[in-house]
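The values are calculated or read from the model by the stated rules, or taken from the named source; none is laboratory data. Since the model is a prediction, treat every value here as computed from it, not as a measurement. Cβ placement follows ideal geometry from the backbone for every residue including glycine, while neighbour counts extend to all protein chains displayed. When the accessible area is computed, the model is the full protein with side chains, heavy atoms only, and any ligands, DNA or RNA have been set aside. Shrake-Rupley method; radii C 1.70, N 1.55, O 1.52, S 1.80 Å.
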Amino acid sequence: MPYGPWKKKNKSTKEHLVENEEVSGGHAGAGSLSKSAVNGAGLPPPPANLRPKLVFHTQLAHGSPTGRIEGFTNVKELYSKIAEAFNISAPEILFCTLNTHKIDMEKLLGGQIGLEDFIFAHIKGIKKEVEVHKSEDALGLTITDNGAGYAFIKRIREGSVADKVKVICVGDHVECINGRKIVGMRHYEVARMLKDLPRDKMFTLKLVEPMKAFEMLEPRSKGGKPSSENKIGTGKSTLRLRSKGPATVEEEPTEFEEKAIKKVDDLLENYMGIRDTELAATMVEVGRDKKNPDEFATALDETLGDFAFPDEFVFDVWGAIGDAKQGRF
């Protein structure tokens, strides 16, 4: 097949809280996470006896005691475990970061967690509504999602339409566009909706910013582009959360994988206005042993049928994987 377009009851238990520790005294876990979940849906969770018996420490990012969580196998289950530990509802959690309580888009938790990583949960804060004049075709926003139905802003390009609207911030959850509620949509759907808004017209965004502790208040961040120095994982084993099947403990990505994933993630942003390193990692896995673009395109269609990728994007991804194999970047 030649390559072408692709269509296709929480119960509070005090034993979870193990010590009264402020955010600033959090666990100094090593490493960071750069992957986000491909899809929150999938097969039913595996039996409890097949789930990894690993314990992770967690705090609410704006300040809380330290909790302990275990026995999860995907992002939604992880959020439920965090919610249970702190007696909140899982839908209150917007996203998590690893080893920092700050809204740092390069430390987002998604599909892979280092076994020594400390999890900070960012929960819903102030709601806000803003009217924006779309004076250019591109708004300058990069969208990602938390793997559990919430899309949020990962980057704001300097000098862009969105950058001039100071109430729009990195980390804000996009709740409604022109009155249409988008909770439950994937990030690529939200990015497409924003891109398709007519130029030279006003539109309305309803946003929810993450809750911040007083001492965390600081100037708005643009989000920052990932540095080539950033590493995925801790340099040790990591827990890989999969949308289908049980979580697995794996070694850190190879140098080839790190370079290829970063390049494919950059291509996702350029072509689709999203960043999703778990999706990028899946594409690299799919393309690792494929011999030509047609074979790669067919495999992508079988693996990621929910996405509609432009032909040029697929060809560029194939090229990026090939360059990484040859050590050309």
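Name the residue, out of Gly149, Gly114, Gly184, that is open to solvent by less than 10 Å² (accessible area, probe 1.4 Å), at pLDDT below 95 and among the small types (Gly, Ala, Ser).
Working: Gly149 fails: open to solvent by less than 10 Å² (accessible area, probe 1.4 Å); Gly184 fails: open to solvent by less than 10 Å² (accessible area, probe 1.4 Å).
Of Gly149, Gly114, Gly184, the one residue that is open to solvent by less than 10 Å² (accessible area, probe 1.4 Å), at pLDDT below 95 and among the small types (Gly, Ala, Ser) is Gly114.
Name the one entry in Ala48, Ala83 that is open to solvent by less than 50 Å² (accessible area, probe 1.4 Å) and either at pLDDT 95 or above or not β-branched (Val, Ile, Thr) (or both).
Ala83
Within the range 266-319, restricting attention to residues that are part of a loop (DSSP other than H, G, I, E, B) and in contact with a Lys or Arg (Cβ under 7 Å, 6 or more places away or on another chain), which residue is nearest to Glu106 (Cα to Cα)?
If we take residues in the range 266-319 being part of a loop (DSSP other than H, G, I, E, B) and in contact with a Lys or Arg (Cβ under 7 Å, 6 or more places away or on another chain), then Arg275 is nearest to Glu106 (Cα to Cα).
Looking at Asp289, Asp276, Asp306, which is the one that is at pLDDT 85 or above and outside the structural domain of Asn146 (by the TED database)?
One residue alone meets the criteria, Asp289.
In the range 187-218, how many are modelled with pLDDT of 95 or more and β-branched (Val, Ile, Thr)?
Residues in the range 187-218 being modelled with pLDDT of 95 or more and β-branched (Val, Ile, Thr): 2 in total.
Is the range 90-109 home to any residue that is of a type in the set (Val, Ile, Thr), modelled with pLDDT under 95 and assigned to a loop (DSSP other than H, G, I, E, B)?
Looking through the range 90-109, at least one residue is of a type in the set (Val, Ile, Thr), modelled with pLDDT under 95 and assigned to a loop (DSSP other than H, G, I, E, B).
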